[in-house]
Amino acid sequence: MDRVLLIEDDDIIGEMVCMYLTEEGFLVLRAHNGRDGLAALREFEPELILLDLMLPDVEGTDLCNSLRNLTPVPIIIISSNSKVSEKIEAFTVGADDYLCKPFSMHEMKARIQALLRRSKQVHPTEEPLVQQNGTVPPTDLNINLEKRTLYVRGEPVDMTFSEFELIRLLYEHPERVYRREDLINALRGFDSYVNDRAIDVHITNLRRKIEANPKEPKYIKTVWGVGYKFVL
C-alpha cells in the first residue's frame, strides 16, 4: 500500500483528498501545518507528498525546499495560485508536479500513480551504463539507477525526482537531441502544468550540479532552436 503524506490546513479539501485516496487503496496521513508535516516525514516515511502552498505557519515554497533537502520522494504542489511564476518557483525549489485548485480527484490520482511508477522503477544493474557503441560513460559522471543516485567526480549529488529522470534520459541516449516537448512528455506522461520554461529551469539546475563550468557546459549541450542533448 503506497503511503501518501498530505500537508493541507483546509479541512474540507483535506478530508476530501484523504477519503478519496483511502478508498483508492492508498495509506494517507494528513498534517495540518508545516511543522507537523516535517515530523510526519520522519515518522510516516511517505512515498509521495501532497503539499499545499498556503499554510498557517510557514511559506509553502520554503517548506517544499526543506522537504526536498530531506527526501527524494515525489512532491506534488496543490495550490489555488495558477500564476506561471508561482509554478516555476515551486519547480525550482523541488516540486515534481503542480495541481491548481479546484482539481479533479481522478487527475490527482493519475498524477500520483505516474510519479510513483517512475520513482519505483527497478533497473537490473547498479554498474555504470554501457552505451550502445560499447563505450563506458565518463568516469567523473556516473548514475546508479537502482539507488537513483548521480555521482559527480565520485561524490553523490542531491537531485529532485524530475531532475534525476531528466538526466537519466539524457545520459542513456548520448548525442540524441531532445526537444523540450519530448522532455516534458518523458517527465509527465500526460498533460501537466510543466512547460518549456520549467524544463529550462531543470536543465539550469542540473548544469549547476554536474558541470565544472555551468556557463560552458561539457555534458548537457543546448541545440539552439531545438532542445538539448548529452555529450560524452
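Each reported figure results from applying straightforward, stated rules to the coordinates on display, with no laboratory input. Note that the structure is a prediction, hence the values are computed from the model and not measured. Every residue, glycine among them, receives a Cβ derived from its backbone with ideal geometry; neighbour counts consider all protein chains shown.
Per the Debye formula with a single identical scatterer at each Cα and no solvent contribution, what log10 I(q)/I(0) holds for segment 141-230 at q = 0.15, 0.17, 0.18, 0.20 Å⁻¹?
-0.53, -0.68, -0.77, -0.96
Counting pairs on different chains as well as pairs 8 or more places apart, how many Lys pairs in the chain have Cα atoms under 20 Å apart?
13
How much length is gained if the chain between residue 3 and residue 144 is pulled fully straight, taking 0.36 nm per residue apart and subtracting their Cα-Cα distance, in nm to one decimal?
Between residue 3 and residue 144, full extension yields an extra 48.3 nm.
Quick one, which of [x] 18.1, 56; [y] 16.7, 51; [z] 18.8, 57 is the actual Rg and Dmax of the Cα atoms in Å calculated for this model?
Evaluating Rg and Dmax of the Cα atoms in Å on these atoms matches [x].
Looking at 14, 144, 71, which one has the Cα that reaches farthest to the positive end of the dipole of the chain (charges on Cβ: Lys, Arg +1; Asp, Glu -1)?
144
Before anything else, pin down the relative contact order of the chain: Cα pairs under 8 Å, at least 6 apart, normalised by residue count, whole percent.
Relative contact order for the chain comes out at 14 percent.
Return 106, 202, 173 ranked ascending by Cβ neighbour count within 10 Å, so the fewest neighbours appear first.
106, 173, 202
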